[in-house]
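Data block below; observations after.
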Amino acid sequence: MDVKSAFLNGVLQEEVYVEQPAGFIDPIHPDHVYRLKKALYGLKQAPRAWYERLSSHLLDKGYVRGSIDKTLFVKRTSHHLILAQVYVDDIVFGSTSDSLIEEFTNIMKNEFEMSLCGKLNYFLGLQVQQRSDGLYISQTKYANDLVKKFGLDAATAEACCTLLLADPIFLLVLVFVLDIKLILRNHI
């Protein structure tokens, strides 16, 4: 699910003023500024304003915010569960109940302009395969891109190890790239 123009949905809590945009300058008051009521892209308050608007909407509809991950929203009924994970303007959700999926879709579409992206296949660099026997997550594309980036796509296991041992700087850079990936995605 993708929220269209997400940051424009945020309501500002503090006073923010902007210059009159070119082409829309008031000829009588060319030096006046405008007070913003809603967030604009590029405004440092925009991401927070959007998050506050979205989270208050979900909390009002009975969702509970995650205690550790504040971008995870959960709703439980007597027999079912729905999870919604927010990443800026993208929302991934899943449930044990089709009716909860439909309800979530409706409460989001009634409040925000949204587009449904269908079955989840790719999200934040992760490939996702949904099968009858489970959910499979991999980073095959990322791993293949790393192999190509470091020129190891034609290497055999033995040649690869020899190359890594022969060039300690190359090995250091490769380990650093992999460490950064783990740090940035430590929740995976």
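Just a few scattered comments:
- Selection of trypsin sites (Lys or Arg not before Pro), segment 1-83, meeting DSSP coil and at most 12 other Cβ within 10 Å: K4, K44, K70
- Here the peptides 5-17, 22-34 are ranked by packing, the mean other Cβ count within 10 Å, and the order with the highest first is 5-17, 22-34.
- The distance separating the Cα centre of segment 108-153 from that of segment 1-34 comes to 35 Å.
- Set of lysines near K38 by C-alpha distance (under 20 Å), chain-local residues within fewer than 8 positions excluded: K4, K109
- At full extension, Q129 and V64 could sit 20.7 nm farther apart than now, given 0.36 nm per residue minus the alpha carbon distance.
- Dividing the Cα radius of gyration of segment 21-80 by its Kirkwood radius returns 1.28 for Rg/Rh.
- For segment 86-91, backbone phi angles converted through the Karplus equation (6.51, -1.76, 1.60; θ = phi - 60°) give residue-by-residue couplings of 9, 9, 6, 10, 10, 10 Hz, Gly and Pro being listed as x.
- When you work out D = kT/(6 pi eta Rh) for segment 2-118 at 37 °C and 0.692 mPa s, using the Kirkwood radius from C-alpha pairs as Rh and the Stokes-Einstein form, the result is 205 µm²/s.
- Amide H contacts of S97 (H built 1.01 Å from N, under 5 Å, at least 5 apart or other chain): L81
- Across segment 61-77, coupling constants 3J(HN,Hα) worked out from phi with the 6.51/-1.76/1.60 Karplus curve, θ = phi - 60°, read 8, x, 7, 10, 6, x, 6, 9, 9, 6, 9, 9, 10, 10, 9, 10, 10 Hz, and Gly and Pro carry x.
- Compared with the alpha-carbon gap, the fully stretched path from S78 to L40 is longer by 9.6 nm at 0.36 nm per residue.
- What the phi angles of segment 116-130 give under the Karplus curve with 6.51, -1.76 and 1.60, with θ = phi - 60°, is a coupling list of 8, 9, x, 5, 5, 10, 8, 7, 6, x, 9, 8, 10, 10, 9 Hz, glycine and proline written as x.
Every number here is computed from the coordinates shown, using simple stated rules; none is lab data. Since the structure is predicted, the reported quantities are computational estimates derived from the model, not experimental observations. Because the Cβ atoms are built from the backbone with ideal geometry, glycine has one as well, and the counts that use them run over all protein chains shown.
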